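The values are calculated or read from the model by the stated rules, or taken from the named source; none is laboratory data. Just so it is clear, the structure is predicted and the values come from calculations on it, not from any experiment. Virtual Cβ from ideal backbone geometry, glycine too; neighbours counted across all protein chains shown.
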Amino acid sequence: MKKTVVTGMALALGLLKLNAQVTIVDPSTFSGHYYTEKNIVIEDGYSKKKKTELDLVWNAENGSLTGTVQGFESKSDKIVFFTESTQKNWAAKSKIWVFKSSNMNDNYYGKDMFTSSGSEIETGMFIEDGVFVLFDYTGGVDQNVKTFDVENDVNNVRIFAKDKSKLSMDKQEILKKADAMINAAGGEQMKKQLDAQRKADFAFPKETLSKTDKALKKEVVEFFTNMEMPADDNSTFICAYTVSPDWAIIRNTTTGVILGREIVVEMVRKGNISGKCRRFPYLLYAQYNGSGYGKLMFKKKWDIVECDCAEAEKNK
């Protein structure tokens with residue numbers, strides 16, 4: 001999916017509290033005869049016909065919309081908008097349906113309708129009774145404000161309307177309404193998922209071997225306190241510890257001879273200005289010398305993760 005941001009909506013008694021811009025459109029009104037602002041290009045033998053009207057049929061069973069052009073109902077290449085399981089879940093709670101355009105639409109019905117600047121316009125929604133619009137949005141990024149952002153480009157808006165006069169609706173207002181509605185439809189549920197993920201990421205892992213193996217604890221701490229940080233780093237070392245449940249023994253894949261062992265460890269540093277703590281996950285390796293293992297060496301590192309400073313103090 002794509003990006004957008006969450007307006008202040010809350011869940012009450014299992015239903016979303018929707019703001020004034022949001023209109024719940026009864027699915028029973030979806031089907032009907034629509035005018036289009038852009039030409040629908042239909043191939044008729046060796047010629048192409050341009051049409052600006054079509055009939056949309058709503059299928060409540062599978063959550064799809066099918067569009068046919070009068071005089072071409074028998075053609076198999078119909079306009080199709082469908083809903084994926086995520087969008088069906090949104091609709092079940094918010095009563096707002098968000099559709100995805102079939103990637104075949106722009107092949108059969110003309111690039112003017114379903115593409116802009118070479119890119120597909122993928123999302124469809126009824127923003128009011130008898131008005132279906134296509135637009136683009138992005139999603140998955142938030143700052144506790146929104147979960148989705150509708151792309152603010154009027155060139156990417158397409159209008160289908162039962163009333164021909166609606167084709168002249170202000171596209172900037174359409175984008176504002178689409179933004180509010182897609183956040184009402186999926187924002188609250190997406191925000192819950194993001195909050196759960198953020199909470200899981202923020203949680204502190206349990207210290208493993210280094211908790212009881214004092215020699216290992218000392219070696220891990222010395223490894224990180226002696227590690228050179230970037231010149232622009234402005235943070236203080238807090239603690240280091242192992243998170244693997246045990247050492248992983250590395251062997252020669254052909255002979256089975258032991259080559260070394262590795263373990264996942266983490267260092268926590270606290271920003272001197274921000275006051276925030278961050279976990280630095282590393283994979284460390286110790287080479288086998290025939291009778292024992294050498295000193296820990298760097299092998300791999302992963303993305304830095306913010307964590308709870310109070311919990312970090314416990315692993316000193």
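Some points to look at:
- Residue check for residue 47: at pLDDT below 90 and assigned by TED's automatic domain parsing to the domain that holds residue 178: yes
- Where residue 220 falls short, out of the listed (1) under 19 Å from residue 314 (Cβ atoms); (2) at pLDDT below 95: (2)
- In the range 222-242, residue farthest from residue 260 (Cα to Cα) [restricted to those that are buried (at least 18 other Cβ atoms within 10 Å of the Cβ) and aliphatic (A, V, I, L, M)]: 238
- Any hit, the range 251-262, residues being surrounded by 12 or more Cβ atoms within 10 Å (Cβ to Cβ) and under 36 Å from the mean Cα position of the chain (by Cα): yes
- Pairing residues of the range 125-148 that are modelled with pLDDT of 95 or more with residues that are of a type in the set (Asp, Glu), at Cβ distances under 7 Å and at least 6 apart in sequence or on separate chains, gives 130/163.
- Residue in the range 16-29 that is outside any helix (DSSP H, G or I), buried (at least 17 other Cβ atoms within 10 Å of the Cβ), modelled with pLDDT of 85 or more and not hydrophobic (A, V, I, L, M, F, W, C) present: no
- Subset of the range 276-305 (residues that are under 29 Å from the mean Cα position of the chain (by Cα) and exposed (fewer than 14 other Cβ atoms within 10 Å of the Cβ)): 276, 300, 301, 302, 303, 304
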